[in-house]
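The values are calculated or read from the model by the stated rules, or taken from the named source; none is laboratory data. From a predicted model like this one, the values you see are computed outputs, not experimental measurements. Positions of Cβ are backbone-derived with ideal geometry, glycine not excepted, and every protein chain shown enters the neighbour counts. With ligands, DNA and RNA removed, areas are computed over all heavy atoms of the protein, side chains included. Shrake-Rupley method; radii C 1.70, N 1.55, O 1.52, S 1.80 Å.
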Amino acid sequence: PTTPAGKPTTLDIEADRIVVWTKGNGQNLFNEMKGPQGADSGAHEIYMSGHVELRTRTTKEVETLRCDECYYDVRRGVAVARKADLEIQSGKLSRPLRAWTEELIQVNPKLYKMNNLAVHSSTLPSDPGLVFNTNDATIEERQVERNYLGFIPAYDKEGKRIVDTERIFTGWNLVARM
């Protein structure tokens, strides 16, 4: 999955079993992956199962998706993951944000949909102090221009408007548990 705050600079995939669909010669794809630059050739679809981990890294954050099985269309930025644990580490957060769900659907690079979601941000992922549970949830990324005091536009040193990335979490039937 892709992350906000810029294009992913790194996509790292680990799984017990992987099936890759690609155009062209599959052997060339794997030879390119062995090099220091990795592979960036053509459209790929990937099915993974068994201890799956997908890590994407940008200059501003790291996003890790752990799940039992996952289908990921690299070209369209679409994914479906079962028994998923999504972890987001950002400079804006003091602790990683974790979201657990039975099925996570990445509709596009800026929109996730989940059912039966549990969200927390805790030092101990195995024993969080406060968990928010919801039946249906979406996490949507959007770009907004920064303002001071709500109405004064913010500019950088070159005179360009400062644009921030924000994620909007929407949940229905939200319950907080301690």
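Can you list the equivalent-ellipsoid semi-axes of the chain, largest first and in whole Å, using the square root of 5 times each Cα gyration tensor eigenvalue?
That gives 29, 24, 14 Å for the three semi-axes.
Report the one residue of Val175, Thr123, Gln143 whose Cα lies farthest in the direction of the positive end of the charge dipole of region 75-178 (charges on C-beta: Lys and Arg +1, Asp and Glu -1; origin at the Cα centre).
Gln143
Give, rounded to the nearest 20 debye, the magnitude of the charge dipole that the chain has about its Cα centre when Lys and Arg contribute +1 at Cβ and Asp and Glu contribute -1 at Cβ.
Computed charge dipole of the chain: roughly 420 debye.
Can you tell me which of Glu63, Glu53, Glu145 moves the most in a GNM of the chain? Springs connect C-alpha atoms under 10 Å apart.
Sorting by GNM fluctuation, first place goes to Glu145.
For an R0 of 35 angstrom, estimate the FRET efficiency from the Cβ-Cβ distance between Glu103 and Val163 and round to the nearest 0.05.
Result of the calculation: an efficiency of 0.65.
Would you look at the GNM of the chain, springs on alpha carbons closer than 10 Å, and say which of Pro109, Pro128, Pro153 moves the most?
Pro153
Out of region 91-146, which trypsin sites (Lys or Arg not before Pro) are coil in DSSP terms and have no more than 15 other C-beta atoms within 10 Å?
In loop regions of region 91-146 (DSSP not H, G, I, E or B), the sparsely surrounded trypsin sites (Lys or Arg not before Pro) are Lys92, Arg146.
Among Tyr112, Leu93, Phe132, which residue has its Cα positioned farthest towards the positive end of the charge dipole of region 92-153, with +1 placed on the Cβ of Lys and Arg, -1 on the Cβ of Asp and Glu, and the dipole taken about the Cα centre?
Leu93
Work out, step by step, the length gained on full extension between Val19 and Tyr47: first 0.36 nm times the residue separation, then minus their alpha carbon distance; give nm to one decimal.
Between Val19 and Tyr47, full extension yields 9.6 nm more.
With all protein chains present, calculate the accessible area of Phe151 using a 1.4 Å probe and round the result to the nearest 10 Å².
Surface accessible to solvent at Phe151 totals approximately 150 Å².
Do any of Lys60/Lys157; Lys23/Lys113; Lys23/Lys60 go past 27 Å between their Cα atoms, and which?
Long pairs (Cα-Cα over 27 Å): Lys23/Lys113; Lys23/Lys60.
Grab the other residues whose beta carbon is less than 9 angstrom from that of Gly91, score K and R as +1, D and E as -1, and report the net.
Charge balance near Gly91 sits at +1.
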